[in-house]
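The next block holds one structure in the form of structure tokens; read it before the comments.
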Amino acid sequence: MKRALAGDNITYANLTPAEQHEVIRRLTARGASIRDIAAQLGTTKRTLSRRRASLGAA
């Protein structure tokens, strides 16, 4: 998870659901946009939008 937060080419698919939740929560708290988080994790903006909404972080 630390490597995903640091941007070390860790993809969304390589994280467990709990790690996905935590990475999205922390990056959102840092002020990262959905577009930035999606690019960093190698996933789509739509996937992150749905995940953030399900976490209550939208």
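The values are calculated or read from the model by the stated rules, or taken from the named source; none is laboratory data. From a predicted model like this one, the values you see are computed outputs, not experimental measurements. Positions of Cβ are backbone-derived with ideal geometry, glycine not excepted, and every protein chain shown enters the neighbour counts.
Consider segment 1-34. How many of its residues are part of a helix (DSSP H, G or I) and of a type in the set (Asp, Glu)?
2
List pairs: first in segment 29-55 and touching a residue at least 12 places away in the same chain (Cβ under 8 Å) and more than 17 Å from Arg3 (Cβ to Cβ), second assigned to a loop (DSSP other than H, G, I, E, B) and of a type outside the set (S, T, N, Q), Cβ under 7 Å, 6+ apart or cross-chain?
What qualifies is Arg52/Ala58.
Which condition breaks for Ile37 when tested against (1) at pLDDT 90 or above; (2) buried (at least 17 other Cβ atoms within 10 Å of the Cβ); (3) in a loop (DSSP other than H, G, I, E, B)?
Single failed check for Ile37: (3).
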